[in-house]
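Derivation of every value follows stated rules applied to the coordinates shown; laboratory data play no part. If you're wondering where the values come from, they're calculated on a predicted model, not measured in any experiment. When we count neighbours, we look across all protein chains shown, and the Cβ atoms used for this are built from the backbone with ideal geometry, even at glycine.
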Amino acid sequence: MSDELELQQRRLRLKKAVEDLSSMRGMGTELVSLVIPPDKMISDVRHQLGNEAGQAANIKSKSTRKHVSDAIESAMASLNRYKTPGERGLALFVGYVIVGNNKTRLVNVVIDDPPEPFGSYRYRCGSTFELSQLEEMLIDRTAYGLFVIDRSESAYGLASGKRLHCQEHVTSLVPSKHGRGGQSAQRFERLIEEAADKFFKKSAERACAYWLPMIEDLKGIIIGGPGATKDYVVKNDYFHHEIKKLIREPFFDVGYSNESGLRELIQRAGGLMDQIELDAERKLVDSFLREVMQAHPKATYGEVMIRTALDQGAVDRLLLSENITKRRVFWFCKNCGNEWEQTQKSRSEVPDCNSCSAEDVREDQERSMDLIDELTLLAGHTSASVTLVSMDTEEGATLYDAFGGIAALLRYPIS
């Protein structure tokens, strides 16, 4: 599995967990949030939880005292499975949440594979879970280079997530006008153009020197400025050839060529940035839609057909909608020992045994996983590529609504 795909999956799992946790409420300060950074020792956390359990015994309300004590005990039991917090840390969210009709149930959610390391230790009891560090990880940090220029000044920087970084503001010494006439007019005109050329070259070279070390992380270069200078600079090859490949059209008219111009450029180019980000998804889904209409398509869809294609090694690229919430659940019957697996919605009822019809059925927590993760693992066995398709485009919504969110482009047609 590629590092980028693995990061996408970790972000998707975190997003779903945050959506679930943010909707949970407790009666009073009974929900325990515990965030452990990678440099924190598990033994220290256990010690603190032990102290908190002792203090919980002093809570006056009998139900609150029991709920807080149960939550801390559940958290300590979960921590016993870990010797260290891991490379990125782990988080636990435990407590009795309201499920309706004045009833509560104990939940215990452990996040041990965050997309980024947790930055600080956090322990809190409240009526809601403390999710600020998790929500921070979900902020889009896709980076775009920004460049604005006219004949008098230029600026360049980086837009990442909701942040703007202006790296440098460069001013020129190019005269805007001259009063010379006669035979000197052409000479002064030439000197002005030479000064402008040096300024354009200096601005572009400095911007390229800033962007080139991070070129693999850049999704595009957005160009703007008050007049036609921006078009001239791009068309006359002032930029490094690798940077020029990332320059996106159209170019935007903005009022200034300084940091204020960069801010205005972000406002005007927001739609273009989204377009760049989602364009690859659109092209893949369009390719699938065109192929599936052929007489002998090298494409298929639906979980059953996808599994068949994966078993045959026919899948070239697997397309999975981020909106899929199903799980691949492994069950075992304690009565007859029968084991089986099935795809179910995330909060499905426990089935009866499909062999002896007994009700004493248990889920194998170690083997059960999200359907997206399971299909990704199967794709990895035959070196098939996997793309997670968002719901932010019409094509992404079509993939989910019309094809169940599971589709594939194949290496060869299958019957």
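So here's what we get for this one:
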| quantity | calculated |
| --- | --- |
| Amide H within-cut-off set for SER368, under 5 Å, with H built and near neighbours excluded | PHE330 |
| Extent along principal axes [Cα atoms of the stretch 1-109; Å; largest to smallest] | 52, 36, 17 |
| Alpha-carbon radius of gyration plus Dmax, which is the widest Cα pair, for the stretch 299-410 in Å | 15.7, 49 |
| Zone residues, the stretch 94-129, relative to SER69, backbone N less than 20 Å from point 7 Å out along Cα-to-Cβ | 94-97, 104-108, 125-126 |
| In nm, spacing of pseudo-spin labels at GLN186 and SER357 (7 Å Cα→C-beta vector) | 10.5 nm |
| Inter-site label distance for GLN48 and VAL350 at 7 Å from Cα along Cβ, in nm | 3.5 nm |
| Inter-label distance for ARG411 and TYR121, nm, one decimal - labels placed 7 Å from Cα along Cα-to-Cβ | 5.1 nm |
| Restricting the stretch 330-415 to GluC sites (Glu not before Pro) in coil, as DSSP defines it, with at most 14 other Cβ within 10 Å | GLU349, GLU359, GLU366 |
| Members of LYS40/LYS62; LYS244/LYS283; LYS235/LYS283; LYS60/LYS103; LYS219/LYS345; LYS66/LYS345 lying beyond 30 Å, as alpha-carbon distances in this model show | LYS40/LYS62; LYS219/LYS345; LYS66/LYS345 |
| Axial C-alpha extent at least 18 Å, average Kyte-Doolittle at least -0.5 - helices from the chain (DSSP) | 62-79, 259-292 |
| Partner aspartates and glutamates for LYS83 [C-alpha distance under 12 Å; skip if fewer than 8 residues away on the same chain] | ASP44 |
| Amide hydrogen neighbours beyond the local backbone of LEU90, cut-off 5 Å, H modeled | ILE36 |
| Translational diffusion coefficient (Stokes-Einstein; Kirkwood radius from C-alpha pairs) of the chain at 25 °C, 0.890 mPa s, in µm²/s | 94 µm²/s |
| Footprinting exposure proxy for HIS169, HIS381 (fewest neighbouring C-beta atoms within 10 Å first) | HIS381, HIS169 |
| Proximal aspartates and glutamates relative to LYS201, as straight alpha-carbon distance under 20 Å, when same-chain residues fewer than 8 apart are discounted | ASP150, GLU153, GLU168, GLU189, GLU193, ASP231, ASP237, GLU242, GLU259 |
